[in-house]
Amino acid sequence: MRWDNLKLEAEAESRLPGYREAVIRTFDAPEALDTRFYEVYAKSAINKVPAASRMPFRYTINPYRGCTHSCKFCFARPTHVYLGWNAGRDFEREIVVKVNVPEVLRAELRKPSWKREHIAMGTNTDPYQWCESKYRLMPGIWEAMRDFRNPCSVLTKSPLLLRDLELMKEIAAVTDIHANLSIPTLDEKPWRASEPHTPHPRKRIEAVAELNRAGIPTGVLIAPLMPGINDSPKQVEAILQACADAGATSIGGIALHLRGEVRQVFMDWLRSYRPDLVERYEELYARGAYVSREESDRIQRLLRSAKRDPETRLGVRSMRGVCEPTEKPGSSGARRVVQESLF
Ligand code: SF4
């Protein structure tokens, strides 16, 4: 039992596919209402990215499945379906917690066959979603990275990672580490509507600045860019300026894509938030999950032109490995795998 006030609801053996056992808990706190946490023992901590993937990393760790940040556009939602849940409410409220990840990770890093390859965290769900403040799995993971001098990176929407800054600095002293904050917009209205339980974007910008001041190279992923919602030149310039002021070491931008169950979740949300945009989105995504080449090029031009603007003083590079997915009719969809689980 890790939290005060935590209630053991049930124990269900083999309830979740792929996990030995699950202890289901609820927490009596406003931010956890109607949310259940499934504490499981994972057999492995390091996941190997499929060879066909063009992700810029080969190994990942995701201590949580499901994400209470509840972003309406979240690319990871369909992964919950593999667990027998839905990609809507269940993804936000039925959270799998791999409580033994730090221990399992140490055993894996100790193996002679492990060649200290880069490990990326936060590639599927957010490792610093709010329950991490209670479960505290990331410090154990960082400690393992430090002790085994293993190159690593993290992507998150939460300044909670600053809690572990000292550990990150210790890693930086012995091997490569970098961070990225995902910040789709600085605008209050679309932020509150599309990322209802995430920390304020200004707090994320502050985290970028603090990490860079501390010597942890930290960039920003402006994703997804959603037509008519957060992609106006004014909106994008504002965030690029904030990134520059924060010393962001890289910036990436990705257009919204709507694969699998995400389409339904997103479009249901759009109907209530911006019914005026529904027809445009139906046209934009009529041929598939990805925007057309023209729309993709428009977004890239938007980012590039702002980067060139002397007023924004941007000396930033493009974010390593992030590319814009597009879908051409009849194509193999090779490029889309790049975005498989980045959020
Ligand atoms: S986009 Fe990231 S932060 Fe948002 S719900 Fe998905 S995993 Fe969580």
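The values are calculated or read from the model by the stated rules, or taken from the named source; none is laboratory data. None of these values were measured; they are calculated from a predicted model. Heads up, the Cβs are rebuilt from the backbone with ideal geometry, glycines too, and the neighbour counts pull from every protein chain shown.
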Looking at Gln241 and the list (1) buried (at least 21 other Cβ atoms within 10 Å of the Cβ); (2) over 15 Å from Val154 (Cα atoms); (3) of a type in the set (S, T, N, Q), which single condition is not satisfied? (1)
Within the bounds of the stretch 142-151, is there any residue that is within 12 Å of the ligand (Cβ to nearest atom), part of a helix (DSSP H, G or I), modelled with pLDDT of 95 or more and of a type outside the set (Asp, Glu)? no
Reported set for the stretch 173-188 where residues are out of contact with any strand residue (DSSP E or B) (no Cβ under 7 Å at 6 or more places or on another chain) and in contact (Cβ under 8 Å) with a residue 12 or more places away in the chain is Val174, Thr175, Asp176, Thr185, Leu186, Asp187
Filtered residue count, the stretch 74-124, keeping only those that are free of Cβ contacts under 8 Å to residues at least 24 places away in the same chain, assigned to a helix (DSSP H, G or I) and surrounded by fewer than 17 Cβ atoms within 10 Å (Cβ to Cβ): 2
Of the criteria (1) within 16 Å of the ligand (Cβ to nearest atom); (2) surrounded by 18 or more Cβ atoms within 10 Å (Cβ to Cβ); (3) not aliphatic (A, V, I, L, M), which one Ser133 fails: (2)
Those residues of the stretch 115-151 which are over 14 Å from Ala45 (Cα atoms), hydrophobic (A, V, I, L, M, F, W, C) and under 18 Å from the mean Cα position of the chain (by Cα), in sequence order: Trp130, Cys131
In contact with a His (Cβ under 8 Å, 6 or more places away or on another chain) and surrounded by 16 or more Cβ atoms within 10 Å (Cβ to Cβ): which single residue out of Ser182, Ser153, Ser194 fits that description? Ser153
Restricting to helices (runs of 4 or more DSSP H) lying wholly in the stretch 186-261: which have 1 or more residues that are modelled with pLDDT under 95 and among the charged types (D, E, K, R)? 233-245
Could you tell me whether the stretch 101-116 includes any residue that is acidic (Asp, Glu) and more than 25 Å from Met226 (Cα to Cα)? yes
Tell me, which residue of the stretch 48-73 that is in contact with a Pro (Cβ under 9 Å, 6 or more places away or on another chain) and assigned to a loop (DSSP other than H, G, I, E, B) is farthest from the ligand (Cβ to nearest atom)? Pro63
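Here's the yes/no breakdown for (1) within 24 Å of Glu108 (Cα to Cα); (2) in contact with a strand residue (DSSP E or B) (Cβ under 9 Å, 6 or more places away or on another chain); (3) β-branched (Val, Ile, Thr):
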site: Lys43; (1), (2), (3): yes, no, no
site: Ala52; (1), (2), (3): yes, no, no
site: Met55; (1), (2), (3): yes, yes, no
site: Tyr59; (1), (2), (3): yes, yes, no
site: Pro63; (1), (2), (3): yes, yes, no
site: Cys67; (1), (2), (3): no, yes, no
site: Ser70; (1), (2), (3): no, no, no
site: Cys74; (1), (2), (3): no, no, no
site: Arg77; (1), (2), (3): no, no, no
Looking at (1) surrounded by 23 or more Cβ atoms within 10 Å (Cβ to Cβ); (2) within 17 Å of the chain's Cα centre (by Cα), can you tell me which one Leu162 breaks? (1)
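Let's see how each residue does on (1) under 21 Å from His200 (Cβ atoms); (2) away from the ligand (no atom under 11 Å from the Cβ); (3) touching an Asp or Glu at 6+ places or on another chain (Cβ under 9 Å):
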residue	(1), (2), (3)
Thr79	no, no, no
Ile95	no, no, no
Glu108	no, yes, no
Lys111	no, yes, no
Arg116	no, yes, no
Met138	yes, yes, yes
Ser153	no, yes, yes
Leu162	yes, yes, yes
Note on the stretch 81-93: residues under 20 Å from Arg136 (Cα atoms) and more than 10 Å from the ligand (Cβ to nearest atom) are Arg93
If I filter the stretch 270-288 down to residues being in a helix (DSSP H, G or I) and of a type in the set (A, V, I, L, M, F, W, C), which single residue comes out as surrounded by the most Cβ atoms within 10 Å (Cβ to Cβ)? Leu270
